[in-house]
Amino acid sequence: MSKMKPELFSSPAVLRCRGGAPVLSRADVPYPADCVFNAGVTRYRGQYVCAFRVDSGYDGRGGFDRCVIGLAFSRDGVRWTVQDRPFLTPEDLGDPEITRVYDPRLTVIDGDLYLCFAADTRHGLRGGIAVVRDLAGIELRCLTVPDNRNLVLFPEKIGGRYVRLERPFPVYSRGGVDRFDIWISYSRDLEYWGDSRLLLRVEDVPFANDKIGPGAPPIRTDKGWLTLFHTVDIDRSRGKNGWEDKWQKRYCAGVMLLDLEDPSRVIGLCKTPLLAPETRWETQEGYRTNVIFPGGLVPEDDGTVKIYYGASDTVECLATARIDDLLALCRPAADLPGAGH
């Protein structure tokens, strides 16, 4: 397969674990699974908890018959024990409009575990927020308005309010093409959200020319909220890459820093990728090659973080970095939407 142009490279601050080999794949799942990826990971009740996307029933034309969310547990964050059945399915939500659930994110707030996820419905994409009860089921708190998802919760209230990052889909108002940006919204009860503000634009990120969106939930540092996001650029010269007849996009992981007291202010941004597709699992094998999607950012006691990311929309991989090194990458950027308020 030809390389994407322009070539992009990962930051030397990040080390891929196991040489980039997956830490979770369909071989680990005891129920139908073609692709296992885009996981949300956190530490909860003395162990690592991983909620992951499962696509199954590939139709040979680029789609899947089924999309659900699985759950797994680990003592070291590398070797996982997967539950013997899906954790969340469309049927569990009791709404015949919902056809798929996917792309989970996990956040612990005041000792409670929250699950954010995406849902396809017959009349628009939506994002959901739920409380996980005893690691056995969920209590749904809200579904967003149509055409808004990639929800990510902050791990604590700020100014008495819950905070989330999100990515609306304003195709009509953005010229009829993908030009999706990252927004921030607030809530006092997790159900009704507002005070929405533009946080980061596609044009603020030099290695994106199509869209950007939230990645893993932010983590608190002394310098600010360390925040991962995903980026998309397109190379129209490319054709078949992966299982589909035409896949011309590349997904990378980026990193930024948000103000602790006012997270709508971007106070630092790395203008090169944190992680770009490079290994064979990211560029040569799988459903959609040249895809990295960060969904988990777990701080460790030794000053490092574990970065969990989906590769090629097919498997889940792991990288590590020092928090101080990631903070150093987030250089001040005065020209961003929230920099001046």
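Points to keep in mind about this one:
- Within the listed set LEU135, LEU269, LEU15, the residue fluctuating most in the Gaussian network model of the chain (springs between alpha-carbon atoms under 10 angstrom) is LEU135.
- The computed semi-axes √(5λ) of the Cα gyration tensor in Å for the structure shown corresponds, within (1) 33, 23, 21; (2) 30, 25, 19; (3) 25, 24, 21, to (3).
- VAL49 - accessible surface, heavy atoms, 1.4 Å probe, Å² rounded to 10: 0 Å²
- Helix-derived mean residue ellipticity, 222 nm - over the chain, DSSP H n ≥ 4, -39500 (n - 2.57), to 500: -500 deg cm²/dmol
- Virtual spin-label span in nm between GLU285 and ALA334, 7 Å along Cα→Cβ: 4.9 nm
- About its Cα centre, the range 122-192 has a charge dipole of approximately 120 debye under the convention of +1 per Lys or Arg Cβ and -1 per Asp or Glu Cβ, with nothing else charged.
- Neighbourhood charge, 13 Å Cβ-Cβ cut-off, centred on ALA208 and excluding it, Lys, Arg +1 and Asp, Glu -1: 0
- Environment charge of VAL232, counting only residues whose C-beta is closer than 9 Å and scoring Lys/Arg +1, Asp/Glu -1: 0
- Sum of side-chain charges, TYR172 neighbourhood, beta-carbon under 12 Å (Lys, Arg +1; Asp, Glu -1): +1
- Total lysine pairs under 13 Å (Cα atoms) in the chain, excluding pairs fewer than 8 apart on one chain: 5
- Listed residues TYR172, TYR102, TYR308, most fluctuating in the chain (Gaussian network, C-alpha, under 10 Å): TYR172
- Overall, the chain carries a charge dipole of about 600 debye about its Cα centre when +1 sits on the Cβ of Lys and Arg and -1 on the Cβ of Asp and Glu, all other atoms neutral.
- Accessible surface computed residue by residue for the chain, with neighbouring protein chains in place and a 1.4 Å probe, gives 41 Å² per residue.
- Evaluated with a Cβ-only charge set (Lys, Arg +1; Asp, Glu -1), the range 206-341 carries a dipole of roughly 520 debye about its Cα centre, given to the nearest 20.
The values are calculated or read from the model by the stated rules, or taken from the named source; none is laboratory data. Remember, it's a predicted structure, so these values are computed and weren't measured experimentally. Note that we place each Cβ from the backbone using ideal geometry, even for glycine, and neighbour counts take in every protein chain shown. All accessible areas refer to the heavy atoms of the entire protein, side chains included, with ligands and DNA or RNA removed. Shrake-Rupley method; radii C 1.70, N 1.55, O 1.52, S 1.80 Å.
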